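All remarks here apply to the structure that follows.
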Amino acid sequence: MSIDYAEKIPNNVDLAHDRTLQRALEHWQPHFLEWWHEMGPSDFEKADVYLRTATSVDAKGWASYGAVKMPDYRWGIFLADQQPGRTIGFGDQMGQAVWQQVPGEHRSTLRRLIVTQGDTEPASVEQQRLLGHLCPSLYDLRNLFQINVEEGRHLWAMVYLLHAYFGRDGREEAEELLERHSGDADKPRILTTFNEPISDWLSLYCFTYFTDRDGKYQLKSLAESAFDPLSRTCRFMLTEEAHHMFVGETGIGRVVKRTLEVMKELGTDEPAKIRARGAVDLPLLQKYLNFWCSSSLDLFGSEISSNAAASFANGLKGRPDEAQYEDHVLRDVTLKLDTPEGEQDVPMLNALNEVMRESYLKDCEIGLKRWNRAIERAGHDFRLTLPSSRFRRSIGSWVGLPVDPRGKLLPKEEYLRRLHEWVPSPEDRTFVRSLMQRVIEPGKMAGWIAPPDRGINNLPVDYEYVHLA
Ligand SMILES: [Fe+2]
Ligand SMILES: [Fe+2]
């Protein structure tokens, strides 16, 4: 079904034929816009931004590009096409038909999964709302806004499910998604990472690299769900998500590139000299990677989890790319887990958070390989690494333990003394913040980051991607 843009809420779910649902969502719409106006990038509401808007869910051509003022963005409800005859791909009901409605016994778990995912979407917009003032280029400014409007649409995606399938509880949850706010003392967002401030662009690139990638893994596992509307929603969200991670990977890559240029120019790898020259030294970048990677690893939950086991066995949430595995039931297998008490054999079903975390980390390695190749080619020994998944955990069996980024248990006082060798210190953050000088001349870049290899949608890098009012 194609998307009807004449509707108040663009959609491909035939909203016009469900008046009750349509009215409920049209009632929520002004609340969403109010939220955007108050908590989104509100200082840029008059700017013309070169944005893509979803116009179909066809993989070949799903978006159209053009100048849009963000409050006029057409946030809508788009589900990937239904796959005829789709059956449940894992768990105890494997092979049975997928569900078009929510089974009563799974109602509260599914609602919690959807609310938790939905909560992250507006949270990230809130976290990023002031970054526009410090943009390193118009190209980057446009990418930030593209991500922001799409996270807004991801909120719509989850709110649609809540309204359409969860009755009054769902409508109440949809309101609360606009009432919790990132970092709020009384009503914070649900997950810790989404309450961390993002006040500089180095953090934004790390966030989009690590945290949006967590999003990818969550969406992939929900795309496997037996609850078909959830699966279809997530499949289309993944199409948009790819760009967010692209911004992270190329953003960090451009920082590395610029730093290497400065190192060559100055003939040194001394951090103080590189900083004096207005670039990010590689050890500093490593601290930012450590911070955001370890924070994002918590999003996968405890290594040993009976919730994860139940969600899988019941068909609610699979593994990312479930089809790549051989065993989809997992009743007779175990996994060896490293815990502070030593190695433990854990039923595989209970270890699924860890399975997901491991495949996520593998995906994270891809960017590091690319950045390290650039560093190696420039003739330097320094290598960027991912921190151990035991480092800085605030959930699971390694919670609160004094472990260094290589995974080694240290005496508590040594850990505390050395923590800022591994994650940004207040001085590091102040320095990075000092680099954030706004650059808004088309084609110009801030001095701490190299230009991108190419522009958006085949336009040149010096295109005026944002026309500021
Ligand atoms: Fe998202
Ligand atoms: Fe995202």
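The values are calculated or read from the model by the stated rules, or taken from the named source; none is laboratory data. Note that the structure is a prediction, hence the values are computed from the model and not measured. All Cβ positions, even for glycine, are placed from backbone atoms using ideal geometry, and neighbour counts span all protein chains on display. Surface accessibility is based on the protein's heavy atoms, side chains included, excluding ligands, DNA and RNA. Shrake-Rupley method; radii C 1.70, N 1.55, O 1.52, S 1.80 Å.
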* Out of region 80-119, which residues are touching a Leu at 6+ places or on another chain (Cβ under 8 Å), within 17 Å of A157 (Cβ to Cβ) and of a type in the set (S, T, N, Q)? -> T116, Q117
* To do: Please state which one of A164, A157 is modelled with pLDDT of 95 or more and either touching a Ser or Thr at 6+ places or on another chain (Cβ under 6 Å) or more than 15 Å from P229 (Cα to Cα) (or both).
  => A157
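Okay, residues lined up against (1) within 16 Å of ligand 2 (Cβ to nearest atom); (2) of a type in the set (A, V, I, L, M):
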residue: L161; (1), (2): no, yes
residue: E173; (1), (2): no, no
residue: P188; (1), (2): no, no
residue: C206; (1), (2): yes, no
residue: F227; (1), (2): no, no
residue: F236; (1), (2): yes, no
* To do: Working only within region 384-431, note down all residues that are loosely packed, with under 13 Cβ neighbours inside 10 Å and among the basic types (K, R).
  => R406, K408, K412, R417, R418
* **Yes/no for G183 being open to solvent by less than 10 Å² (accessible area, probe 1.4 Å), more than 15 Å from ligand 2 (Cβ to nearest atom) and not hydrophobic (A, V, I, L, M, F, W, C)** => no
* How many of the residues in region 301-318 are touching a Phe, Trp or Tyr at 6+ places or on another chain (Cβ under 7 Å) and open to solvent by 10 Å² or more (accessible area, probe 1.4 Å)? -> 0
* Of all residues in region 395-419 being within 25 Å of the chain's Cα centre (by Cα) and in contact (Cβ under 8 Å) with a residue 24 or more places away in the chain, which is nearest to S295 (Cα to Cα)? -> I395
* **Odd one out for E240, checked against (1) surrounded by fewer than 24 Cβ atoms within 10 Å (Cβ to Cβ); (2) away from ligand 2 (no atom under 11 Å from the Cβ)** => (2)
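Check R373, R417, R390 and return the single one that is closer than 30 Å to E224 by Cα and out of contact with any His (no Cβ under 8 Å at 6 or more places or on another chain).
On the way: R373 fails: closer than 30 Å to E224 by Cα; R417 fails: closer than 30 Å to E224 by Cα.
The unique qualifying residue is R390.
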* Structure fact -> Scanning region 246-266 residue by residue, those within 16 Å of ligand 1 (Cβ to nearest atom) and open to solvent by less than 20 Å² (accessible area, probe 1.4 Å) turn out to be V247, G248
* Asked: If you go through region 218-236 one residue at a time, do you hit one that is touching a helix residue (DSSP H, G or I) at 6+ places or on another chain (Cβ under 9 Å), among the basic types (K, R), within 13 Å of ligand 1 (Cβ to nearest atom) and farther than 30 Å from D18 by Cα?
  -> no
* Asked: Which one is nearest to ligand 2 (Cβ to nearest atom) among residues in region 122-148 that are open to solvent by 10 Å² or more (accessible area, probe 1.4 Å) and over 18 Å from Q437 (Cα atoms)?
  -> Q127
* Asked: Within region 149-180, which residues are open to solvent by 40 Å² or more (accessible area, probe 1.4 Å) and within 28 Å of G132 (Cβ to Cβ)?
  -> E175, E176, E179
* Structure fact -> Residue pairs within 8 Å by beta carbon, gap of at least six or interchain, first lying in region 89-118 and on the phi > 0 side of the Ramachandran plot, second among the small types (G, A, S) and not in a loop (DSSP other than H, G, I, E, B), listed first then second, are G91/A313
* Has region 92-108 got at least one residue that is open to solvent by 40 Å² or more (accessible area, probe 1.4 Å), away from ligand 1 (no atom under 16 Å from the Cβ), within 26 Å of R168 (Cα to Cα) and of a type in the set (S, T, Y)? -> yes
* Selection within region 342-362 - part of a strand (DSSP E or B) and open to solvent by less than 10 Å² (accessible area, probe 1.4 Å) -> V346
* So, of the residues in region 186-230 that are among the acidic types (D, E) and open to solvent by 20 Å² or more (accessible area, probe 1.4 Å), which turns out to be farthest from G85 (Cα to Cα)? -> D186
* Among the residues of region 319-341 satisfying the criterion of being touching a strand residue (DSSP E or B) at 6+ places or on another chain (Cβ under 7 Å) and open to solvent by 40 Å² or more (accessible area, probe 1.4 Å), which is farthest from L401 (Cα to Cα)? -> T334
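Name every residue in region 208-225 that is within 11 Å of the chain's Cα centre (by Cα) and either away from ligand 2 (no atom under 13 Å from the Cβ) or not small (G, A, S) (or both), in order of residue number. So that I can check it myself, show each step before the final result.
So the first thing to find is which residues in region 208-225 are within 11 Å of the chain's Cα centre (by Cα), and the list is 208-219.
Residues satisfying the conditions are T208, Y209, F210, T211, D212, R213, D214, K216, Y217, Q218, L219.
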* Could you tell me which numbered condition K369 fails, if it satisfies all but one of (1) modelled with pLDDT of 95 or more; (2) open to solvent by 20 Å² or more (accessible area, probe 1.4 Å); (3) part of a loop (DSSP other than H, G, I, E, B)? => (3)
